[in-house]
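Chemist: Below are the structure tokens for one structure; questions will follow.
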Amino acid sequence: QVVNYAPFTLLPSAVPSALFEQAYAVQQDFNLLVDAISQNKEFLEHTLASTIKVDDFTARLFRIHTQVLEEGLAQSVFLGINRSDYMFDCGVDGTAALKQIEINTIAASFGGLTSRTAAVHGQVLKVLGKSKEASCLLPNNPSKGLALGIAKAWELYGSQSAVVMFLVEEVQRNIFDQRCVENELWNRNIRVIRKRFRDVFEKGSLDDAKRLYMDGQEVAVVYYREGYVPKNYDQQNWEARLLLERSRAVKCPDIATQLAGTKKVQQELSRPGTLERLLPGRAEAVARIRATFAGLYSLDVGEEGDKITAAAIADPNQFVLKPQREGGGNNLYGEELRQVLEKIRDSPERTSYILMDKINPQPAMNYLLRAHSPLQVSECISELGIFGVYVRQGKEMVMNKAAGHLLRTKAIEHADGGVAAGVAVLDTPYLV
């Protein structure tokens, strides 16, 4: 009743090595892009204008963003930990292509647990007499890479006695994943405290220099592992969030970087010329990023939005309908997509969603090991995530790297949802 093992596949899953390398090669470009968006108030304002009229959650985040900029940013060191997720789209001719599903800029999880899965799958292969195959599994330790970024931000903050604060949920199902990153920090003699929004509201304070204190301890870095969905907030929690954002502490992410991860921004990036404006003089980076985009469409009110809405209602199986939410389990497919679009087709509410081409990966057989679940072979599809870490001080990029990978696999009958949503399980790529 107290503790459960994280679900995982019995065997590692085949991943095309060329696409795996492509995903790693573009991660630093995505880090630069997210950082550029977070610093571009005009772009965020223009892109989210229609969304914040109909999506209260995004609107409240945006209001805090605006207020903090008007006061003047107290924060001078910026830390980004993101995860860019992909699927392998199987073309008509059978060739696979890397297509980005989304980029997570807040609370991107499983960097800790996935650091352990290669050893599990190596063990299984050895037991099956496949020691040669076991030796082909790549070592992978995102928790170390994520901790390196947090440690760098802590060091640049410049106070040896300051702590790193993990901001966590009231009920923490994913604690062991976080502990992996936390332990890496303790190993570097960096003190870590774990607090909830409620604790910040009750005990958090700023001094005249906007230094953040919790229980009398100065906080150098706030690492959000919550705060990405509306149910994470009541009025007190919104006030706590504002207090954190106004502080000098390094927020991971700061609110602008959280907004950079919205679906509406993702859709805007696919418009011709947008990447070039955000990353001037970086033609090669732009080409690498654009090569990963699936078709993305705006549902804004007007001719373009009307046309794509009609197309999706006519053929819902070609598309995915995505709201501005993180955390998995929110997307709509097929008949459900059609029903929702028919209901909101003439309402401004449709601008709180974007449409994306449905990606069609090639299924493979595997066993999904879950507590209290019957063991059966399932037709599965996988999603590859690459962790990115960057640290910027003022205008200077001090660190920019890919920090490891995550493979999640689910049975094909589950259209949407990740591990935390109870659908996908942890996996290890076997490069082919």
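Chemist: I'd like the accessible area for Tyr157: 1.4 Å probe, protein heavy atoms, all chains in place, Å² to the nearest 10.
Modeler: 10 Å²
Chemist: So what is the 222 nm mean residue ellipticity for the chain from helices alone, if each DSSP H run of at least 4 adds -39500 (n - 2.57) and you divide by all residues, rounding to the nearest 500 deg cm²/dmol?
Modeler: Numbers: 16 runs with 165 residues, N = 432.
The helix contribution divided over the chain gives -11500 deg cm²/dmol.
Chemist: Let me ask you something else. Could you tell me the center-to-center distance, by alpha carbons, between region 211-233 and region 257-327 in angstrom?
Modeler: If we compute the Cα centre of each part, the gap is 31 Å.
Chemist: Another question about this same structure. In region 269-334, with Lys and Arg counted as +1 and Asp and Glu as -1 at Cβ, which of these residues, Gly273, Val301, Gly334, has the Cα nearest the positive end of the dipole, that is, farthest along it?
Modeler: My answer, from the dipole projection, is Gly273.
Chemist: So, R0 is 30 Å and r is the distance between the beta-carbons of Val171 and Thr95; what FRET efficiency does that work out to, to 0.05?
Modeler: 0.10
Chemist: To continue, here is another question. Highest first, please rank the peptides 173-186, 334-347 by the mean number of other Cβ atoms sitting within 10 Å of their residues. Can you show the working numbers first?
Modeler: Values: 173-186: 18.9, 334-347: 15.2.
Packing order, densest peptide first, comes out as 173-186, 334-347.
Chemist: Continuing with the same structure: What does the C-alpha gyration tensor say about the overall shape of region 218-264? Classify as rounded when a/c is under 1.5, otherwise prolate if a/b is larger than b/c, or oblate. Before the final figure, lay out each step's value.
Modeler: Numbers: a/c = 1.97, a/b = 1.20, b/c = 1.64.
Oblate.
Chemist: Tell me the net charge near Leu384. Cut-off is 9 Å between Cβ atoms, Leu384 excluded, with +1 for each Lys or Arg and -1 for each Asp or Glu.
Modeler: Value of the local net charge: -1.
Chemist: Percent of accessible area on region 109-230 owned by carbon and sulfur, 1.4 Å probe?
Modeler: Answer for region 109-230 is 49 percent, counting heavy atoms of protein chains only.
Chemist: While we're here: Return, ordered by residue number, the residues of region 153-179 whose backbone nitrogen is under 17 Å from a label point located 7 Å along Cα→Cβ of Glu396.
Modeler: The answer is 153-159, whose backbone nitrogens lie closer than 17 Å to the label point.
Chemist: While we're here: Placing +1 on the Cβ of each Lys and Arg and -1 on the Cβ of each Asp and Glu in the chain, which of Asn31, Ser159, Val171 has its Cα farthest towards the positive end of the resulting dipole?
Modeler: Checking the options against the dipole of the chain, the answer is Ser159.
Chemist: Kindly report the accessible area of region 121-265 per residue (heavy atoms of protein chains, probe 1.4 Å, no ligands, DNA or RNA), in Å². It would help to have the intermediate numbers written out before the result.
Modeler: Numbers: 6180 Å² over 145 residues.
Per-residue accessible area for region 121-265 comes out at 43 Å².
Chemist: Another one. Whose amide H sits under 5 Å from the amide H of Leu11, counting only residues 5 or more places off or on another chain, with H placed in the peptide plane?
Modeler: Here Tyr367 satisfy the definition.
Chemist: Right, another one. Classify the chain from the C-alpha gyration tensor, please: rounded if a/c falls under 1.5, else prolate or oblate depending on whether a/b exceeds b/c.
Modeler: Taking the square roots of the gyration eigenvalues as a ≥ b ≥ c, the chain is oblate.
Chemist: For the chain, give the magnitude of the charge dipole about the Cα centre (Cβ charges: +1 Lys/Arg, -1 Asp/Glu; no others), in debye to the nearest 20.
Modeler: 1120 debye
Chemist: At a 1.4 Å probe, what is the % contribution of carbon and sulfur to the accessible area of region 286-407? Please list the in-between numbers first.
Modeler: On the way: 2710 of 5640 Å².
Exposed carbon and sulfur together represent 48 percent of the surface.
Chemist: Under a 5 Å amide H to amide H cut-off, with H placed in plane at 1.01 Å, what residues pair with Asn360 once short-range neighbours are removed?
Modeler: Cys90
Chemist: About the Cα centre of region 263-366, how large is the charge dipole given +1 on each Lys and Arg Cβ and -1 on each Asp and Glu Cβ? Please answer in debye to the nearest 20.
Modeler: In total the dipole reaches around 360 debye.
Chemist: Hey, which of these cross-link pairs are over 22 Å Cα-Cα: Lys195/Lys401; Lys99/Lys130; Lys264/Lys307; Lys99/Lys231; Lys322/Lys343?
Modeler: From the list (Lys195/Lys401; Lys99/Lys130; Lys264/Lys307; Lys99/Lys231; Lys322/Lys343), the Cα-Cα distance tops 22 Å for Lys195/Lys401; Lys99/Lys130; Lys99/Lys231.
Chemist: Taking a ≥ b ≥ c as the square roots of the eigenvalues of the Cα gyration tensor of region 75-230, is the shape rounded (a/c under 1.5), prolate (a/b larger than b/c) or oblate?
Modeler: In terms of gyration-tensor shape, prolate.
Chemist: Counting heavy atoms of the protein chains only and a 1.4 Å probe, report the per residue accessible area for region 353-402 as a whole number of Å².
Modeler: Heavy-atom accessible area per residue stands at 48 Å².
Chemist: Using alpha carbons only, how many angstrom separate the centre of region 36-102 from the centre of region 379-415?
Modeler: First find each Cα centre; the distance between them is then 15 Å.
Chemist: Further, regarding this structure: Pop out the ³J(HN,Hα) list for region 349-364 in order, Karplus 6.51 cos²θ - 1.76 cosθ + 1.60 with θ = phi - 60°, rounded to Hz; leave Gly and Pro as x.
Modeler: Karplus-based 3J(HN,Hα) across region 349-364 equals 4, 5, 6, 7, 10, 10, 10, 9, 4, 6, 8, 10, x, 7, x, 9 Hz.
The values are calculated or read from the model by the stated rules, or taken from the named source; none is laboratory data. Fair warning: this is a prediction, and the values are worked out from it, not measured in the lab. Here the Cβ is made from the backbone with ideal geometry for all residues, glycine too, and neighbour counts use every protein chain on show. For the accessible areas, the whole protein counts, side chains as well, though only heavy atoms, and no ligand, DNA or RNA atoms are used. Shrake-Rupley method; radii C 1.70, N 1.55, O 1.52, S 1.80 Å.
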